[in-house]
Amino acid sequence: MISFSTASRRTGAAFISLRIPAARAAFSAFRPTVLAARAAACLLCMAVLFSLSGHNFAMAAEAARAQAPLEALALAQRGIDQSEPDLFYQAVDVNSVLARGADAGIAAIKEQMAKGTLGELNPMLALAVAGMDTGDAAKTKMLKQLLTSEVRTFVAAGIRGGYFAGKPNGKVDAGSFSPLLDGLSKGRKEIVAGKVLSHKGDTAKVSATFIDHGAGTFPLELGLEQRNGQWQVVEISNAAALIQEAAKGGK
């Protein structure tokens, strides 16, 4: 058994009492350095994580922006299914679509009239189309304005009356095109978004499919523009081919 004399214990105690404050002082001086290193490491980790998450968020945001034009088609479909023309018009600028596709539309109407399939049209509209001289700018302008007004009325009636949703809810005045509503298939009309074909700034072109669940399937190529943060269909790029396909009854 080892024992210490009183003097030894006192000497040891004195030594320890001298060392402890020094150790504490050294630790106190070193501690901020340790904490700073830990804080720096944490900040570095957070910076890396935020950088990665920011990069992923930017990529996700860019992907969402790239697909944004397709949202207009979903909005148009909701307008059809809910029988709300105003909702449909938020996604489709009918005036612009008609203005850009008027020539193809007029040619198709004249062709169908020649076949006798549009004999029940409003006489004024039929006369305007049949007698139009493509070289007469005034007549062309008048016809386009008339067609725009009548088609817009027809579209609104088809949506509000539930015809395009496949759920007719009563007779609705569709203007000069009223007879066409009775000739529509009873199936639901569906716009199925395809993919974004091109996207530059506030313009885009997308593919889609128009499905008439009673008449056929028709491919679409649509031009869109972003206005005040809202994408709108402004053109049916393949209007001529679409009209020809529709005349054959679709696929």
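Just a few scattered comments:
- If the condition is being surrounded by fewer than 21 Cβ atoms within 10 Å (Cβ to Cβ) and either in contact with a Leu (Cβ under 9 Å, 6 or more places away or on another chain) or charged (D, E, K, R) (or both), then region 82-100 contributes E84, D86, L87, Q90, D93, R100.
- Some residue of region 187-199 being at pLDDT below 90 and either among the aliphatic types (A, V, I, L, M) or open to solvent by 60 Å² or more (accessible area, probe 1.4 Å) (or both): no
- Inspection of region 234-242 identifies at least one residue that is surrounded by 15 or more Cβ atoms within 10 Å (Cβ to Cβ) and hydroxyl-bearing (S, T, Y).
- Restricting the search to helices (runs of 4 or more DSSP H) fully inside region 55-167 and requiring at least 2 residues that are closer than 24 Å to S198 by Cβ and either modelled with pLDDT of 80 or more or touching a Pro at 6+ places or on another chain (Cβ under 8 Å) (or both) gives 69-81, 85-91, 94-114.
- Test: residue in region 232-251 that is basic (K, R) and modelled with pLDDT of 75 or more: no
- Residues that are more than 20 Å from the chain's Cα centre (by Cα) and open to solvent by less than 50 Å² (accessible area, probe 1.4 Å) within region 200-214 comprise just one, D212.
The values are calculated or read from the model by the stated rules, or taken from the named source; none is laboratory data. What you are looking at is a predicted structure, and each value in this text was computed from that prediction instead of being measured. Every residue, glycine as well, gets a Cβ built from its backbone with ideal geometry; the counts of neighbours run over all protein chains shown. Surface areas here come from the heavy atoms of the whole protein model, side chains and all, with no ligands, DNA or RNA. Shrake-Rupley method; radii C 1.70, N 1.55, O 1.52, S 1.80 Å.
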